[in-house]
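One structure below.
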There are 2 protein chains.
Amino acid sequence: MSKLRFRISMSLDGFVAGPDQSLDNPLGIGGEGLHDWVVSLEVWRAPHGLPGGEVNESSTVVEEEQAGIGATIMGRNMFGGHPGPWNADGPWNGWWGDDPPFHHPVFVITHHAREPLELKGGTTFTFVTEGIESALERAREAARGQDVSLAGGADAAQQYLRAGLVDEMDLHLVPVLLGSGERLFEEVGTDLHGLELVRSVAAPGVTHLKFARR
Amino acid sequence: MSKLRFRISMSLDGFVAGPDQSLDNPLGIGGEGLHDWVVSLEVWRAPHGLPGGEVNESSTVVEEEQAGIGATIMGRNMFGGHPGPWNADGPWNGWWGDDPPFHHPVFVITHHAREPLELKGGTTFTFVTEGIESALERAREAARGQDVSLAGGADAAQQYLRAGLVDEMDLHLVPVLLGSGERLFEEVGTDLHGLELVRSVAAPGVTHLKFARR
């Protein structure tokens, strides 16, 4: 069965986004710093159409993460734009421009129905209003035997973690403090549903913690 | 100048003690599990008078931590017993029995004055009512050129972290969720005062993150 693989960057004090998230600052104050380690990598820059980049201990981790993914799930807040119903004329189409870096079906969990959005390069956003299990079922089907990536944000991740539906979790622990913002493990309880730490990798500016069922 | 070296075990969700701390359960529900990794080590068991124990990747980390320490600082809550003024007849003498494993001067930060308590094996508890800077000054003097260990708990650690007085920090990240309890980085803000991640060590049941000034 195809796995649900969750990956996210988290600060030392447990935040995945800083305070005061906005359209101009989608990750909140200090939140962008959580991704410095990955944005500097060649393996991240190439699929985003950016030149150059480093190769270091994180490269293999990111390559592994990207391999074998056939569909992505994300929450409405990560898809972004604005809360509430979609604007009737010219709704928000995501942060990623005309040619998003996914190149596979993406399922957005939302309370507000909307027609699928087909963009360049094989990325189609489908809006799911029937909850996390339905989104996972549809993503698995669309992934055609490959795994499904859970991209975030915090709220969607918490729902999947609480339900015990996450099969693998890559936590990229960034040695900074954000002080406030969105915590990853808020109201997730104490049950990791069999997820155990199976690997730690030290890399420049980040420690990669991989959790899986043994 | 002798360094202030702080070390503590923290859960994945940022807690250093679980909920409902009490005399019977000083680390709160689930909190004891934060120390399983160290209690199983020979290098920890020997100075506590316990036989056996493992040798693994954590052993070197713990040996390093114990080396070169001439005095320890802890908060009143970690020394334990009861809140408020000391009982006049038979006050609390710590968790560690007649022969505590410190074997050097220990300074307890408290609001309640008390005569020093001299126990076996070179451990003397001195009660400091003049605040964290005074405790550090006295501990440094007592350490005679060696470093000072900041043992915790959360509240004392937060005061030293906020003041930028911590020179090295060893975070032992344990891959469990406690859900609630005492957070380490509560009201510490966003400033690590120059502390940077200088080493990560993967070990059974724990990832060791060492922070220092470069």
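Some values worked out for this structure:
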quantity: Answer from A:LEU34, A:LEU23, A:LEU50, A:LEU4 - the residue that is more than 14 Å from every other protein chain (Cβ to nearest Cβ) and under 20 Å from A:HIS172 (Cα atoms); calculated: A:LEU4
quantity: Filter pass, B:VAL198 being over 19 Å from B:MET74 (Cα atoms), surrounded by fewer than 22 Cβ atoms within 10 Å (Cβ to Cβ), at pLDDT 95 or above and aliphatic (A, V, I, L, M); calculated: yes
quantity: From A:ALA154, A:ALA139, A:ALA163, A:ALA113, residue being under 21 Å from A:ARG76 (Cβ atoms), more than 14 Å from every other protein chain (Cβ to nearest Cβ) and touching a residue at least 40 places away in the same chain (Cβ under 8 Å); calculated: A:ALA139
quantity: Top-ranked residue in the range B:200-209 [being facing chain A (nearest Cβ under 8 Å) and touching a strand residue (DSSP E or B) at 6+ places or on another chain (Cβ under 6 Å); ranked as farthest from A:VAL201 (Cα to Cα)]; calculated: B:LEU209
quantity: Any hit, the range A:200-207, residues being part of a loop (DSSP other than H, G, I, E, B) and β-branched (Val, Ile, Thr); calculated: no
quantity: Failed item in (1) at pLDDT below 95; (2) over 30 Å from B:GLU133 (Cβ atoms); (3) more than 14 Å from every other protein chain (Cβ to nearest Cβ), with B:VAL55 passing the rest; calculated: (1)
quantity: Scope the range A:128-170; condition part of a loop (DSSP other than H, G, I, E, B), surrounded by fewer than 19 Cβ atoms within 10 Å (Cβ to Cβ) and out of contact with any Ser or Thr (no Cβ under 9 Å at 6 or more places or on another chain); matching residues; calculated: A:GLU130, A:GLY131, A:ALA163, A:GLY164, A:LEU165
quantity: Residue, modelled with the highest pLDDT, within the range B:58-90, restricted to residues that are loosely packed, with under 15 Cβ neighbours inside 10 Å and more than 27 Å from B:ALA202 (Cα to Cα); calculated: B:PRO85
quantity: Lone unmet requirement of (1) surrounded by 13 or more Cβ atoms within 10 Å (Cβ to Cβ); (2) over 16 Å from the mean Cα position of the chain (by Cα) for A:VAL38; calculated: (2)
quantity: Those residues of the range B:166-184 which are within 11 Å of chain A (Cβ to nearest Cβ) and touching a Gly at 6+ places or on another chain (Cβ under 9 Å), in sequence order; calculated: B:VAL174, B:PRO175, B:VAL176, B:LEU177, B:LEU178, B:GLY179, B:SER180, B:GLY181, B:ARG183, B:LEU184
quantity: Evaluation of A:PRO204 against (1) more than 20 Å from B:SER11 (Cα to Cα); (2) modelled with pLDDT of 95 or more (one fails), failing number; calculated: (2)
quantity: Subset of the range B:185-199 [at the interface with chain A (Cβ under 8 Å from one of its Cβ atoms) and either not charged (D, E, K, R) or not in a loop (DSSP other than H, G, I, E, B) (or both)]; calculated: B:PHE185, B:VAL188, B:GLY189, B:THR190, B:LEU192, B:GLU196, B:LEU197, B:ARG199
quantity: Which listed residue is in contact with a strand residue (DSSP E or B) (Cβ under 9 Å, 6 or more places away or on another chain), surrounded by 18 or more Cβ atoms within 10 Å (Cβ to Cβ) and on the phi > 0 side of the Ramachandran plot, from A:GLY14, A:GLY18; calculated: A:GLY14
quantity: Residue that is farthest from A:ASN25 (Cα to Cα), among those in the range A:98-137 that are modelled with pLDDT under 95 and within 17 Å of the chain's Cα centre (by Cα); calculated: A:HIS103
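The values are calculated or read from the model by the stated rules, or taken from the named source; none is laboratory data. Quantities reported herein were computed from a predicted structural model and do not represent experimental measurements. Cβ sites come from the backbone with ideal geometry, for glycine too, and all protein chains shown count toward neighbours.
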